[in-house]
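Step one of this worksheet: look at the structure below.
What follows draws every value from the coordinates through simple rules; no lab data is involved. What you see is a predicted model, and the numbers here were worked out from it, not measured in a lab. Cβ: placed from backbone, ideal geometry, glycine included. Neighbour counts: every protein chain shown.
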Amino acid sequence: MYVKSVTPFTLGNRRFSTPEVVLTALISGLVDALFRTKISVKGTFLVTLAFSSVVFAELCPTPKRLSPEFGINRVIDGDTVLFDDGSRVRLTGFNSFELKDSGWKGRSAREAKRKVTEWLSRKKVRLTPWPAAMDRYGRLLGNLWLDNKYVGELLVSEGLALAVSVPPQNKLASCLSSLEWVARKARKGFWSLGQLPERIQAMDKNGFRFGVGSVTKIIDSKSFILDSRLRVVLPQADPNVRIGVRFEVRGWVSKSPQWLQNEAPWTLKLKDVANKVRVF
């Protein structure tokens, strides 16, 4: 697909062409409208212009096998719900910020919860994969579907959640990453604030983080340090890791072991190499 550029104009500190504005504005409206209807979206593509290139994002395909229908008792936050049978469900494929977070993260978390509540209120949903696995907290793990539409793609495309790949719950990682890229270029939700990715040097507590930094030390073939602050442990060796290379990384951060505290006080054990992207 080719869209001819027209006279650009300035909005904030970015220059846009009219096709870019029109197409990116349509994206969130289209996805939201699809969730409000029973229209099948299989094979549907979202398109946006981003810095003179065309980005395609395919809506996530509906799996063949889904759970029986469940009612929603309560939406706990943007990525956790309580079924009417008492089961607590941690939605996979994405992560929203915590309600207890302060500032823009807390506001984003509250908006994510509000959106999910609005979408799922008095609705029946299904879970996949089924039977569902359970985490160490006793929560079911899976992707939540309303008719043939995936809740994760709605939050990610609105800039209210970050895609994250955690095998084996990562069947939809590719489509969520594409939708996130579109939302990021369109500056939807928290992407409009210029706060993400966070600087690794500013990292000061555990929990889910999405940061960017440069390799300052290589520990071994499967681990390295970013900005002398964050140890990144890979699930497999990566020959592209070299001193000075910049990466965006995402996942759950915890304190490093005592022997490493002076070199890198925080550690991120990547669940999937897809959660690490080189930045040029």
> What order do you get for E111, E98, E153 when you list them from fewest to most C-beta neighbours inside 10 Å?
Replying inline: E98, E111, E153
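Which of the chymotrypsin sites (Phe, Trp or Tyr not before Pro) found in the stretch 129-158 are loop residues per DSSP with 11 or fewer other Cβ atoms within 10 Å of their Cβ? Before the final figure, lay out the partial values.
Values: sites: Y137, W145, Y150; in loops: Y137.
For chymotrypsin sites (Phe, Trp or Tyr not before Pro) across the stretch 129-158 that sit outside H, G, I, E and B with at most 11 neighbouring Cβ atoms in 10 Å, the list reads Y137.
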> Listing I200, I76 from the residue with the fewest other Cβ atoms within 10 Å to the one with the most, what is the order?
Replying inline: I76, I200
> For the stretch 198-279, with only Lys/Arg (+1) and Asp/Glu (-1) charged at the beta-carbon, what is the dipole magnitude about the Cα centre, in debye rounded to 20?
Replying inline: 80 debye
> Whole-Hz Karplus ³J(HN,Hα) for the stretch 79-95, in order, using 6.51 cos²θ - 1.76 cosθ + 1.60 and θ = phi - 60°, x for Gly and Pro?
Replying inline: 10, 9, 10, 10, 6, 6, 8, x, 6, 8, 10, 9, 6, 10, x, 7, 9
> So how many Lys-Lys pairs in the stretch 70-171 land under 23 Å Cα to Cα, not counting same-chain pairs under 8 apart?
Replying inline: 14
>> Can you compute 3J(HN,Hα) from phi for each residue in the stretch 272-280, using the Karplus curve 6.51 cos²θ - 1.76 cosθ + 1.60 with θ = phi - 60°, rounded to whole Hz and x for Gly and Pro?
In response: 8, 5, 5, 8, 10, 10, 6, 10, 9
>> If amide hydrogens are placed 1.01 Å from N in the peptide plane, which non-local residues have theirs closer than 5 Å to the one on E198?
In response: F210, G211, V212
> If you project the alpha carbons of the stretch 198-279 onto the principal axes, what extent comes out on each, in Å, largest first?
Replying inline: 28, 23, 21
> Classify the stretch 52-151: rounded, prolate or oblate, from the alpha-carbon gyration tensor (a ≥ b ≥ c, eigenvalue square roots; a/c under 1.5 rounded; otherwise prolate if a/b is larger than b/c)?
Replying inline: oblate
> Can you work out ³J(HN,Hα) from phi for every residue in the stretch 134-141, in order, using Karplus 6.51 cos²θ - 1.76 cosθ + 1.60 and θ = phi - 60°, giving whole Hz and x for Gly and Pro?
Replying inline: 10, 8, 5, 9, x, 8, 5, 10
>> In Å, what Kirkwood hydrodynamic radius results for the stretch 114-160 from the alpha-carbon pair distances?
In response: 11.7 Å
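Can you check what the net charge comes to around S214, using other residues whose Cβ is under 12 Å from the Cβ of S214 (Lys, Arg +1; Asp, Glu -1)?
Values: positive: R199, K217, R229, R242, R246, R278; negative: D227, E248.
The answer is +4.
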